Amino acid sequence: MNTLDDWLRWQENQFSSEIKLGLDRIRNVAQRMDLLTLPVPVITVGGTNGKGSTCAMLTRILQVQGYLVGTYTSPHLLRYNERIALDGKPATDQQICAAFSAIDQARDEIDLTYFEFGTLAAAWCFVQAKVDVIVLEVGLGGRLDACNLWDADVSILTSIGLDHVDWLGHTREAIGLEKAGIMRPGKPVVCGDPEPPATIASQAASIGAQLLQYGRDFSVDNVPQPALLGEVQRFNAACVVTALQQVQARLPVSEQAIAEGLRTVSLSGRMQQFAGQPNAILDVAHNPHAAIQLADWLKKNPIDGKTSAIFSILADKDVAGVVKIMAAHVDEWHLVPLGGYRAINPTDLGNKIRAAGVRKVIYFHDDFPSAWQFIQSHASTQDRVVAFGSFLVVSGMLNVLVS
């Protein structure tokens, strides 16, 4: 395999499902690659929503302080390289291909998933680049996620909501227990959920982790609003500041770096605004918890015209929950098909929207460019568009708006 695209196509064909939880496979390969222990501080970020924003804030603050930061996040929006960032910049194709080649040689008979390949590649790239600190975003859950292979010096749980229930459990208590798997004995864990499931505290107590709970041990007081939109970002920022305070001895960060980092942080697809005719807002709100934050922002920022939604979502998500929250803030719905085995047929999605009680007009489009062109041709200067539901919606619209 000669190109990054070659490697990714090959990996995507290895399993019928992209999700295969468990740490045995990745641990065995990491041991062969001498990657079981990372030589620098590790900050692991888990939770249901806000992980990407939290990682972005951590990365930016640490950059301002002068550290070389390795950041691993998922999924990507436009290019796979976004997942592995060195000092805030995506790794090159050459770096990632070299990592994949090293992994393939080491794994021998061991099959790895797409996500496991990426996680090991990130660790390999970070070690090769001699970064000063590593920020890891948990992909799914926590306990059995590939990122949980490494012990965190401090971990963050941003929020606990109902998502990925087929994999993590159908209650917040069960999901909380899975996400609490990133805790480590004797290490601090920062929980930013204002009303966490009891399993968070009980798991921390059972293993001897040092739980710092929002509302009890820290708050948003004296934490500035970061550059990212939405009131929830102050909660995420408070988690970031609290986590960095726990590792000051090993990773000193000044108050000036924190303030500057929060002021200058940016992240695609999180209430990201594009000025135009009409204005557009892109947000990866793909579950009810995230939809509440988006709906709250729309309510607090009313317009004189109509709000059109470009929407699609994966079949395993809580479609009705998301739609019911957003329904009062959307005047017309524009549905676009997504690719992949988890996609939902637009006709079926339209039926689910109707079943959720929506009586507003629903349009069906073949792709994102045609949806955008249709809306533009019928929009007034007072209108706006909100594109949300799946990361694939945001990536599709980014391709339209930045082309």
key: Net length gained if the chain between I303 and Q248 were fully extended (0.36 nm per residue, minus Cα distance)   = 15.3 nm
inquiry  = Considering only C-alpha atoms, what is the centroid distance from the range 365-386 to the range 308-336, in Å?
reply    = 16 Å
request  = Using only Cα atoms, tell me the angle between helix 288-300 and the longest principal axis of the chain; keep it within 0 to 90° and round to the nearest 10.
outcome  = 50 degrees
request  = Just the number, please: carbon plus sulfur as a percent of the accessible area of the chain, 1.4 Å probe, no ligands or DNA/RNA counted.
outcome  = 49 percent
key: Pair-distance profile P(r), taking every C-alpha pair of the range 258-329, with 5 angstrom steps and integer %   = 3, 13, 23, 23, 17, 11, 6, 3, 0
Packing rank of 337-350, 272-285, 43-56, 174-187, where each peptide gets the mean count of other beta carbons within 10 Å, highest leading = 43-56, 174-187, 272-285, 337-350
ask   = To the nearest µm²/s, what D does Stokes-Einstein give for the range 30-163 at 10 °C and 1.306 mPa s, using the Kirkwood radius over alpha carbon pairs as Rh?
value = 107 µm²/s
key: Nonlocal amide H pairs with V386, under 5 Å, H built at 1.01 Å   = I281, S308, A309, I310
message = Give me the extension gain from E109 to A328: residue separation times 0.36 nm, minus the current Cα-Cα distance, reported in nm with one decimal.
response = 73.5 nm
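As an exercise, use a Förster radius of 35 Å and the Cβ-Cβ distance of K130 and E12 to find the FRET efficiency, rounded to the nearest 0.05. Walk me through the intermediate numbers first.
Values: r = 31 Å, r/R0 = 0.88.
According to the calculation, E is roughly 0.70.
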query = Taking a 30 Å limit on the Cα-Cα distance, which of the listed pairs K187/K317; K179/K360; K51/K360; K300/K352; K51/K352 fall beyond it?
reply = K187/K317; K179/K360; K51/K360
task = Pull out the extension gain between R32 and V361, defined as 0.36 nm times the separation in residues minus the alpha carbon to alpha carbon distance; nm, one decimal.
result = 112.8 nm
task = Report, in deg cm²/dmol and to the nearest 500, the calculated mean residue ellipticity at 222 nm for the chain, where each DSSP H run with n ≥ 4 adds -39500 (n - 2.57) and the sum is divided by the residue count.
result = -12500 deg cm²/dmol
task = For the chain, report the accessible area per residue in Å² (1.4 Å probe, heavy atoms, rounded to an integer).
result = 42 Å²
ask   = Tell me, what does the Kirkwood hydrodynamic radius of the range 189-257 come to in angstroms if you use every pair of distinct C-alpha atoms?
value = 13.1 Å
The range 166-292 - Kirkwood radius from inverse mean 1/r over Cα pairs (Å) = 16.6 Å
query = What angle, in degrees between 0 and 90 and rounded to the nearest 10, separates the Cα long axis of helix 93-107 from the longest principal axis of the Cα atoms of the chain?
reply = 60 degrees
ask   = Just for the Cα atoms in the range 236-279, what are the lengths along the principal axes, largest first, rounded to whole Å?
value = 50, 17, 13
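The values are calculated or read from the model by the stated rules, or taken from the named source; none is laboratory data. From a predicted model like this one, the values you see are computed outputs, not experimental measurements. No Cβ is skipped: glycine too gets one built from the backbone with ideal geometry, and neighbour counts run over all protein chains shown. The area values use the complete protein model at the heavy-atom level, side chains included, leaving out ligands, DNA and RNA. Shrake-Rupley method; radii C 1.70, N 1.55, O 1.52, S 1.80 Å.
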